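Sharing a structure with you now.
The values are calculated or read from the model by the stated rules, or taken from the named source; none is laboratory data. Being a predicted model, the structure only gives us computed values, none of them experimental. Cβ: placed from backbone, ideal geometry, glycine included. Neighbour counts: every protein chain shown.
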Amino acid sequence: MLWARRLIRKSGLERTLRLSFLFFVARWCLLSFVPSAPWALAIQPLHGVAFGLFLVGGVTYTDRLASPGLGTTAQAIFSTVFVGLSSLGGAMFGGYMYDTAGLRVLFLVLSGITLAGFALAPRRTIHRGVDDDVHDR
């Protein structure tokens, strides 16, 4: 997250978000094949990169799309979906997948879902007249 502003300015917001998806995919694919816990720990820094890029990108993207005066409401909705609903749904789905198919299949399915998100993610933001640089408020 320390370099997110620079990365967004250099690469663009959408590319930054899409890059976060690829880091998530790489992490889940690698985790599906780890032979032991130390290997899993070695892979975990990918989560920090993926999460950081997605969080900063998501907050910035939400800010750009929000109508004037509704920025706080938009961020609250983003947080509710990102932290609340996705955690609840992910825990329920993940628990079911783990019980029925195992950890390897769970991580591979998560990789597939994230790849679908990558494919569907916007390549260009439709926003309210803000240039591609991260702006200060």
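For segment 41-68, which positions are modelled with pLDDT of 95 or more and over 20 Å from residue 4 (Cα atoms)?
41, 42, 43
Let me ask something else. If I filter segment 73-105 down to residues being aromatic (Phe, Trp, Tyr) and surrounded by 12 or more Cβ atoms within 10 Å (Cβ to Cβ), which single residue comes out as farthest from residue 17 (Cα to Cα)? Outline the logic, then answer.
Within segment 73-105, the first condition is being aromatic (Phe, Trp, Tyr), and the residues that meet it are 78, 82, 93, 96, 98.
Then keep just the ones that are surrounded by 12 or more Cβ atoms within 10 Å (Cβ to Cβ); that gives 78, 82, 93, 98.
Details: 78: 14, 82: 14, 93: 24, 98: 28 Å.
It comes out as 98.
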